[in-house]
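Participant: Take this structure, written in structure tokens, and hold onto it; I'll ask about it next.
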Amino acid sequence: MISPIFVGHGSPMMAIQDTACTQFLLEYGKSISPKAIVIFTAHWETEVLTISASDDVYETIYDFRGFPDELFQIKYPAKGDKALASHIAARFQAKGIAVNLDAARGLDHGSWVPLLRMFPTPAVPVIQISVNPYLPPAEQYRIGEALRGLDQEDILIIGSGATVHNLRALNWEAKEPDAWAVDFDEWLITNMQAQNLEALFNYASEAPNARMAVPRPEHFIPLYMAMGSGDPSRTPQVIHRSYEVGSLSYLSVSF
């Protein structure tokens, strides 16, 4: 069994930098042997939930700009798995969740950057799934619930995003994490470990500094998908926590 996780993927620079978070990802990847990986990425937004469905090697998408040329030379040649994608689509459909299949899209940096640091050489199929940031948190959780039990098949489910992701609030001179970002994450951790879903679903009105931490929810909602896919009898565990430039959170949680 491999528990679902949420990982903070932060800046694309984590693909080439050595940080506390990249070291965590490397060690975590060494500790597990998944048969396949299913990843919800904040960088693929669609109105209808969409699943990558091809047996081919993915194109590596460079969905960023203004970064060193070195980043644009990286390839992450993971393969898809059309049969597994269809199986996952059937799970969603059985729960009344509309779904599309996409045989052409490559891996965006919300997928390949953390996967590169966890598994430098891709060895198992990867299924990438889009997000719709406009659905309420309870619905994001329900999407995750449709995949509950895949961990028993040694399929690693990843929600890839960031709990605190406000690029306008980055503090490039910061030596320590910004208190407002820390307070938001503390609230999340407390309520996740208490399994207080009502509070978590109402984070926008109940969590401290919610508007600062989550000015737009596309990076935040993969947390609910990972959470929903986990076994509710297990207490969520913080598996990594660090910050960059004041408030960019790399909080990672196992469900």
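The values are calculated or read from the model by the stated rules, or taken from the named source; none is laboratory data. Bear in mind that the values here come from a model prediction, so they are computed numbers and not experimental data. Every residue, glycine as well, gets a Cβ built from its backbone with ideal geometry; the counts of neighbours run over all protein chains shown. For the accessible areas, the whole protein counts, side chains as well, though only heavy atoms, and no ligand, DNA or RNA atoms are used. Shrake-Rupley method; radii C 1.70, N 1.55, O 1.52, S 1.80 Å.
Participant: Taking every alpha carbon pair in segment 2-134, what does the distance histogram look like in 10 angstrom bins from 0, in percent?
Facilitator: Each 10 Å bin holds this share of Cα pairs: 12, 43, 35, 9, 0.
Participant: Still on this model: Once amide H atoms are placed 1.01 Å from N in the peptide plane, what residues at a sequence separation of 5 or more from Glu45, or on another chain, have their amide H within under 5 Å of its amide H?
Facilitator: Here the answer is Val131, since their amide H atoms fall under 5 Å of that of Glu45.
Participant: Right, here's the next one. Counting pairwise Cα distances across the chain, what percent come out greater than 21 angstrom?
Facilitator: 55
Participant: Another question, then. What's the longest piece of the chain with no exposed GluC sites (Glu not before Pro), counting a site as exposed if DSSP puts it in a loop and it has at most 12 other beta carbons within 10 Å?
Facilitator: Here the longest run is 48-172.
Participant: For the chain, set up a Gaussian network in which alpha carbons nearer than 10 Å are linked by springs, and say which option among Pro12, Pro232, Pro137 fluctuates the most.
Facilitator: Of Pro12, Pro232, Pro137, the Gaussian network model singles out Pro232 as fluctuating most.
Participant: Ok, one more. Which whole-number percent gives the relative contact order of the chain, counting Cα pairs below 8 Å spaced six or more residues apart?
Facilitator: That works out to 32 percent.
Participant: Not counting the cut sites, what is the longest span of the chain without trypsin sites (Lys or Arg not before Pro) that DSSP labels loop and that have at most 15 other Cβ atoms within 10 Å?
Facilitator: Working: sites that count: Lys35, Arg65, Lys75, Lys95, Lys175, Arg234.
After excluding every exposed loop site, the longest remaining stretch is 96-174.
Participant: In whole Hz, what ³J(HN,Hα) sequence does segment 3-20 give by Karplus (6.51, -1.76, 1.60; θ = phi - 60°), x for Gly and Pro?
Facilitator: Result, ordered by residue: 5, x, 9, 10, 10, x, 9, x, 7, x, 4, 5, 5, 10, 9, 9, 9, 4 Hz.
Participant: For Val38, list long-range residues whose amide hydrogen, built 1.01 Å from N in the peptide plane, is under 5 Å from its own amide hydrogen.
Facilitator: Ile127, Leu156, Ile157, Ile158
Participant: In square angstrom, what is the accessible area per residue of the chain with a 1.4 angstrom probe?
Facilitator: With all protein chains present, the chain gives 43 Å² per residue.
Participant: Can you tally the net charge around Lys95? Count Lys and Arg as +1, Asp and Glu as -1, for every other residue whose Cβ sits under 14 Å from the Cβ of Lys95.
Facilitator: +1
Participant: From the phi angles alone, apply the Karplus equation (6.51, -1.76, 1.60; θ = phi - 60°) to segment 149-166 and give each ³J(HN,Hα) in whole Hz, x where the residue is Gly or Pro.
Facilitator: Couplings: x, 5, 4, 5, 9, 6, 9, 7, 9, 10, x, 10, x, 6, 6, 10, 8, 10 Hz.
Participant: Moving on to the next point. Can you say what percent of the DSSP beta bridges in the chain, counting only those with both residues inside, are antiparallel? Round to 5.
Facilitator: Antiparallel bridges: around 30 percent, rounded to the nearest 5.
Participant: Now for a separate question. First compute the accessible area of segment 173-255 with a 1.4 Å probe, then give the percent of it belonging to carbon and sulfur atoms.
Facilitator: 48
Participant: Could you list log10 I(q)/I(0) for segment 143-234 at q = 0.11, 0.13, 0.17, 0.20 Å⁻¹, which the Debye formula gives when each Cα is one point scatterer?
Facilitator: Each listed q maps to, in turn, -0.36, -0.49, -0.78, -0.99.
Participant: Sticking with this one: Given an 8 Å cut-off on Cα distances and at least 6 residues of separation, report the relative contact order of segment 154-255 as a percent. All intermediate terms of the calculation are to be shown ahead of the outcome.
Facilitator: Values: 152 pairs, mean separation 45.0, N = 102.
The value is 44 percent.
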